[in-house]
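Student: Please see the structure below; I have some questions.
The values are calculated or read from the model by the stated rules, or taken from the named source; none is laboratory data. Just so it is clear, the model here is predicted, and its values are computed rather than measured. Glycine gets a Cβ as well: all are built from the backbone with ideal geometry, and neighbour counts include every protein chain shown. SASA here: full protein model, heavy atoms, side chains in, ligands and nucleic acids out. Shrake-Rupley method; radii C 1.70, N 1.55, O 1.52, S 1.80 Å.
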Amino acid sequence: MSKTEGSNAMWGGRFAEGPSAIMREINASIPFDKALWRQDIAASKAHAAMLGAQGIVAAADAEAIIEGLERVAAEYETDGVPEDWDLEDIHMTTESRLAELIGPASGRLHTARSRNDQVATDFRLWVRDTIDQIDRGLEALQVAFVSRAGEHAGSIMPGFTHLQTAQPVTLGHHLMAYYEMIARDRSRFYDARVRLNKCPLGSAALAGTGFPIDRLMTTQALGFDAPTANSLDAVSDRDFALDFLSATAQCALHLSRLAEEMIVWASQPFGFIRLPDSLSTGSSIMPQKKNPDAAELVRGHAGRIVGCLTALMVTMKGLPLAYSKDMQDDKPPVFEAAGLLALSIAAMEGMIAGATFNVERMRGAAELGYATATDLADWLVRKKDIPFREAHHITGAAVKLAESRGVALDALSLEDLQGIDRRIDDDVYSALSVEASVAARCSHGGTAPDEVRKRVAEARAELGIEP
């Protein structure tokens, strides 16, 4: 029997001729949906067990189907999934191989289901598994942040707004900002997982089935919380994929921001950080170069991941109920985004864990740019009861004087400062050092070293890390 005849047999004789080469190529999804093979085998085994338990299929046939599926899975694990485009997708590929292994009993597997609810189930299972894998990667990244933040709770660096020196902060505080971002990313993935964890299997093509199936049995076997409540919605819903891509895009944006800072900090003008050699490259012509290529690629991946979200949103935006073939294009953007994000997470985890921070250079930079100017203004308000706007004006004059002399604020003499405002006394110097500045920021969530250590301890508890 030819491949074309085999394909027609699967279609039950509806088409007298095989598909044209163009139709064959545009219709086949096996090159990418073979990634679902583990989920397809698991869902098919659960379905076969239910058919046997309900008496819809003879127990012996159900047992043969399950054993045959396990043999197919072992082949896929060892040799990979074959790509026969005439069989179109992973579902027909698996069913065809099952037929070769166990004979006519294989034809009973598709009783009371359709490829529509089959793929909806497989895809949910794949996304659920992937969320769990991504969460483990994000947790490892958080562990890296917490570890390095604990080391550098008191290491002073400039804090920036508009990429201009603003106020001194600690490196630990800066790193823990990304810990918080990743915590939100994990919560978004968690929420997406909760929403997707309903089982479409049993919805059939779009209207359900007349067979006496037990949807609770397959739901529980596959680890879902409940069966879907509407068969039309179940086979046409891809909200779970969009939720996943939305969380993926948001996470990629956070990683891109971190990557950008690594790139800037590793540049010679900054010199704040030395990235691991294992995540850097050299130049083919300039021997002195050490390029932050991994960070740059993470930054670039964010654009592709956002594109994946946009692609699926546009695909889904005008589709009528229930299933349309457009929805075959739901998987490539999800697979691409998942792979890129997993790689980006691993790269950033390695970068943070293996980076060497030049704390002396960071502290020196914090002393430049008059980063303690706000501390002078705050001192005038606290100690001299001067309205903040007036204190702001006085501080501006002090910065201008220091700038004209090329010195830091705390290098101005008391006479210099009293020439600007007579109310200033020598206690002002207690507020003008970078150490005093960060120590004063002791509000909850502030950059004071004690606050950073407190938050690191809380984060360790959240992650289950021993002190």
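Student: Quickly work out the Ala59-to-Asn291 label distance, labels modelled 7 Å from Cα along the C-beta direction, and quote it in nm with one decimal.
Tutor: In this crude label model, Asn291 to Ala59 measures out at 6.6 nm.
Student: Say the dipole of the chain comes from +1 at the beta carbon of Lys and Arg and -1 at that of Asp and Glu; which of Tyr429, His91, Phe189 then lies farthest toward its positive end?
Tutor: Going by the Cα projections, it comes out as Tyr429.
Student: Just read off the accessible area of Trp85 with the full protein assembly in place, 1.4 Å probe, to the nearest 10 Å².
Tutor: For Trp85, solvent-accessible area is about 70 Å².
Student: Right, another one. Please list, in order along segment 314-322, the HN-Hα scalar couplings obtained from phi with the Karplus expression 6.51 cos²θ - 1.76 cosθ + 1.60 (θ = phi - 60°), rounded to whole Hz, x for Gly and Pro.
Tutor: After applying 6.51 cos²θ - 1.76 cosθ + 1.60, I find 5, 4, 8, 5, x, 7, x, 6, 10 Hz.
Student: Something else: Accessible area per residue of the chain at 1.4 Å probe, in Å²?
Tutor: It amounts to 47 Å² per residue over the chain.
Student: In the structure displayed, which of Lys290/Lys400; Lys34/Lys290; Lys290/Lys454; Lys198/Lys331; Lys290/Lys331 lie more than 30 Å apart, Cα to Cα? Let's see the in-between values first.
Tutor: On the way: Lys290/Lys400 38 Å; Lys34/Lys290 39 Å; Lys290/Lys454 36 Å; Lys198/Lys331 19 Å; Lys290/Lys331 37 Å.
Violating the 30 Å limit, Cα to Cα: Lys290/Lys400; Lys34/Lys290; Lys290/Lys454; Lys290/Lys331.
Student: What's the carbon and sulfur percent of segment 116-364's accessible surface, probe 1.4 angstrom, rounded to a whole number? Intermediate results must be reported in sequence, preceding the final value.
Tutor: Details: 5710 of 10510 Å².
Accessible surface attributable to carbon and sulfur in segment 116-364 totals 54 percent.
Student: From the phi angles alone, apply the Karplus equation (6.51, -1.76, 1.60; θ = phi - 60°) to segment 413-421 and give each ³J(HN,Hα) in whole Hz, x where the residue is Gly or Pro.
Tutor: These are the phi-based 3J(HN,Hα) values: 6, 4, 4, 4, 5, 6, x, 8, 8 Hz.
Student: Also: May I ask you to evaluate 6.51 cos²θ - 1.76 cosθ + 1.60, the Karplus curve with θ = phi - 60°, for each residue of segment 203-220 and list the ³J(HN,Hα) values in order in whole Hz, giving x for glycine and proline?
Tutor: 6, 6, 5, 6, 10, x, 9, x, 6, x, 6, 10, 5, 5, 5, 5, 4, 5
Student: I would also like to ask the following. When the solvent-accessible surface of protein heavy atoms is calculated with a 1.4 angstrom probe, in what order do Val381, Val399 fall, highest first?
Tutor: Working: Val381 50, Val399 30 Å².
Sorted descending by solvent-accessible area, the residues read Val381, Val399.
Student: Under 5 Å between amide hydrogens, which residues at least 5 positions from Ile465 or on another chain qualify, with H placed 1.01 Å from N in the peptide plane?
Tutor: Distant-sequence amide H within range of Ile465: zero hits.
Student: Could you tell me how many degrees, from 0 to 90 and to the nearest 10, lie between the Cα long axis of helix 115-151 and the main elongation axis, the longest principal axis, of the Cα atoms of the chain?
Tutor: That helix lies at roughly 20 degrees to the long axis.
Student: Looking only at the chain, where both bridge partners belong to it, what percent of the DSSP beta bridges are antiparallel (to the nearest 5)? Mind dumping the intermediate values first?
Tutor: On the way: 9 of 11 bridges.
Roughly 80 percent of the beta bridges in the chain run antiparallel, per DSSP.
Student: Then there is this: Name the residue from Leu253, Gly159, Met316 whose Cα lies farthest towards the positive end of the charge dipole of segment 116-364, charges +1 on Cβ of Lys and Arg and -1 on Cβ of Asp and Glu.
Tutor: Gly159
Student: Taking the Cα centre as origin and putting +1 on Lys and Arg beta-carbons and -1 on Asp and Glu beta-carbons, what dipole magnitude results for the chain, to the nearest 20 debye?
Tutor: Values: 47 positive and 65 negative charges, 144 e Å.
So the magnitude is around 700 debye.
Student: Nearest 500 deg cm²/dmol is fine: what mean residue ellipticity at 222 nm does the chain get from its DSSP H runs of n ≥ 4 alone, each adding -39,500 (n - 2.57), divided by its residue count?
Tutor: On the way: 20 runs with 294 residues, N = 467.
Rounded to the nearest 500, it is -20500 deg cm²/dmol.
Student: Still on this structure, I have one more. Where does helix 373-384 land angle-wise versus the long Cα axis of the chain, in degrees 0 to 90, nearest 10?
Tutor: With rounding to tens, the tilt is 60 degrees.
Student: Same structure, new question: Would you mind checking the tilt of helix 331-354 against the longest principal axis of the Cα atoms of the chain, expressed as 0 to 90 degrees and rounded to 10?
Tutor: 40
Student: Sticking with this one: Report, by chain and number, residues whose modeled amide H sits under 5 Å from the one on Asn291, excluding near sequence neighbours (fewer than 5 apart, same chain).
Tutor: Distant-sequence amide H within range of Asn291: Thr281, Gly282.
Student: Can I ask one more? About its Cα centre, how strong a charge dipole does segment 92-172 have in debye, to the nearest 20, once Lys and Arg get +1 and Asp and Glu get -1 at the Cβ?
Tutor: 200
Student: If you roll a 1.4 Å probe over segment 369-432 with all protein chains in place, what percent of the accessible area is carbon or sulfur?
Tutor: Result for segment 369-432: 49 percent of the exposed heavy-atom area is carbon or sulfur.
Student: Can you list residues from other chains, or at least 5 along the same chain, whose modelled amide H is less than 5 Å from the amide H of Ile156?
Tutor: When sequence neighbours closer than 5 places are left aside, the close amide H contacts are Leu171.
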